[in-house]
């Protein structure tokens with residue numbers, strides 16, 4: 001199947017559900033068995049088939065099957081949120097005395113989990129420069145079990161050389177885990193680029209409507225899947241029935257939505273690059289961006305999430321710019337149909353690489369509105385910024 005067809009058909013079997021196009025929502029905890037023998041047989045394969053609601057239902061299996069088909073992996077695991085997918089994976093792969101390498105530009109809650117929880121459990125974290133590429137081999141130790149990547153970087157949008165990092169990690173026996181939320185399975189084939197476990201905050205583009213929390217973990221091998229699945233199940237965390245359904249529904253339109261996000265995002269980013277109020281735009285799909293060459297080599301497309309640095313101005317001027325925007329909400333998520341913007345000055349945490357922009361910084365999620373309306377909205381905001389900056 002081509003990707004568009006996979007999105008429309010994977011995870012569906014109308015013949016098994018009385019002809020209904022979409023899998024029904026199974027609200028289930030207890031699963032009963034007709035005989036003792038069948039109950040005991042199910043216990044020998046706890047994660048195969050429907051055994052207990054927390055381990056999965058036909059609804060969650062449908063979503064997992066569809067996402068796994070897109071990723072080209074062995075199997076996918078659904079979780080209660082994107083962060084649950086990250087923490088569930090790392091908890092499964094690491095134990096006391098282990099070492100993990102984590103990209104310095106990662107999503108902040110990932111960083112916090114490593115610094116706080118993993119440290120308390122006796123796991124040591126080393127953060128590395130996102131632009132290190134294959135030289136990450138020099139940071140590998142005998143006890144390095146995982147190399148964690150995220151590309152582009154959260155808030156700052158550096159593009160990593162994933163194939164080079166994966167090759168270096170595998171040469172030392174480490175597992176490569178990627179937060180692939182920005183590109184989704186459509187625009188970055190993580191497993192084909194050397195990643196072993198691909199993670200998505202499905203809350204973002206896969207759900208696509210800002211109304212559900214959901215995470216997804218796709219493993220390249222059966223061994224990794226069983227290790228992560230058993231750990232996630234033992235944590236007691238699982239995705240809700242309605243959230244899984246919303247993820248599956250959102251998946252069907254992912255291709256058409258992402259194309260609009262990409263088109264509008266590039267239009268807006270290109271316009272911003274030419275404005276005197278803007279010192280820099282960080283969007284890997286823009287020619288001239290520092291990560292553009294790697295993006296062009298490894299990615300199939302881009303979303304509408306990017307960052308920018310304003311020319312030096314006062315905090316009051318930035319607030320005046322943001323507070324009057326009509327089409328951009330001030331919100332900390334992204335991936336929905338609506339455009340969002342947040343100030344990111346002071347929010348970037350680094351220990352292995354330098355990040356010192358001269359002016360205030362912002363992050364923009366470009367929604368599905370007409371780009372001309374978004375540009376006009378920001379242009380009016382720049383007028384407020386100029387007035388407040390005097």
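Quick note: the coordinates plus some simple rules give every number you see, no bench work behind them. Please read these numbers as outputs of a predicted model, since none were measured by experiment. Neighbour counts run over all protein chains shown; Cβ positions are idealised from the backbone, glycine included.
Relative contact order of region 254-388, taken over Cα pairs closer than 8 Å and 6 or more residues apart, is 30 percent. Exposure proxy shown here: for 98, 179, the number of other Cβ atoms within 10 Å sets the order, fewest to most, as 98, 179.
Each of 156, 57 was scored by other Cβ atoms within 10 Å of its Cβ. Listed from fewest to most, they are 156, 57. For the chain, the longest principal axis of the alpha carbon atoms and the long axis of helix 371-388 meet at an angle near 50°. Considering only beta bridges that DSSP places wholly inside region 3-252, some 35 percent are antiparallel. Given a Förster distance of 35 angstrom, what is the FRET efficiency for residue 368 paired with residue 37, based on the Cβ-Cβ distance and rounded to 0.05? So, using R0 = 35 Å, E works out to roughly 0.10. One chain, two ends: residue 242 and residue 333. Fully extended at 0.36 nm per residue, the span grows by 30.8 nm beyond their Cα-Cα distance.
Pairs of Cα atoms nearer than 8 Å and 6+ residues apart set the relative contact order; for region 3-252 it is 24 percent. Given R0 = 45 Å, the distance between the Cβ atoms of residue 44 and residue 263 translates into a calculated FRET efficiency of 0.30. Calculated FRET efficiency, residue 387 to residue 17, Cβ-Cβ distance, R0 = 45 Å: about 0.15 to the nearest 0.05. Indicate the gyration tensor shape class of region 348-390 (rounded, prolate or oblate), computed on the Cα atoms with a ≥ b ≥ c the square roots of the eigenvalues: a/c under 1.5 is rounded; otherwise a/b larger than b/c is prolate and the rest oblate. It is oblate, given that a/c is not under 1.5 and a/b is not larger than b/c.
Axis angle, to the nearest 10 degrees, between helix 82-93 and the longest C-alpha principal axis of the chain: 60 degrees.
Taking every Cα-Cα distance in the chain and sorting them into 20 Å bins from zero, the calculated P(r) comes out as 28, 55, 16, 1 percent. If the chain linking residue 9 and residue 300 were pulled fully straight, counting 0.36 nm for each residue of separation and taking away their Cα-Cα distance, it would gain 102.6 nm.
Residue order for 154, 235, fewest other beta carbons within 10 angstrom first, comes to 235, 154. Each listed q (0.08, 0.14, 0.22 Å⁻¹) maps to a log10 I(q)/I(0) for region 254-388 from the Debye sum over equal C-alpha point scatterers, namely -0.20, -0.63, -1.48.
What Kirkwood radius, in Å to one decimal, follows from the Cα pairs of region 41-117? Mean inverse Cα-Cα distance, inverted, gives 14.8 Å.
Once both axes come from the Cα atoms, what is the angle between helix 254-273 and the longest principal axis of the chain, in degrees from 0 to 90, rounded to 10? Helix 254-273 and the main axis of the chain meet at about 20 degrees.
Averaging the Cα positions of each part gives two centres, and for region 33-50 and region 90-104 these lie 34 Å apart. Prolate is the label for region 131-173. Its Cα gyration tensor axes, ordered a ≥ b ≥ c, give a/c of at least 1.5 and a/b above b/c.
When every Cα-Cα distance of region 206-331 is counted in 10 angstrom steps from zero, the calculated P(r) takes the values 10, 26, 29, 23, 10, 1 percent. When Rg and the Kirkwood Rh are both derived from Cα coordinates, the Rg/Rh ratio for region 65-183 amounts to 0.94.
Measuring nothing but alpha carbons in region 1-73 and taking Rh as the Kirkwood radius, the Rg to Rh ratio lands at 1.04. Its DSSP H runs of at least 4 residues, each contributing -39,500 (n - 2.57), put the calculated 222 nm mean residue ellipticity of the chain at -11000 deg cm²/dmol, to the nearest 500.
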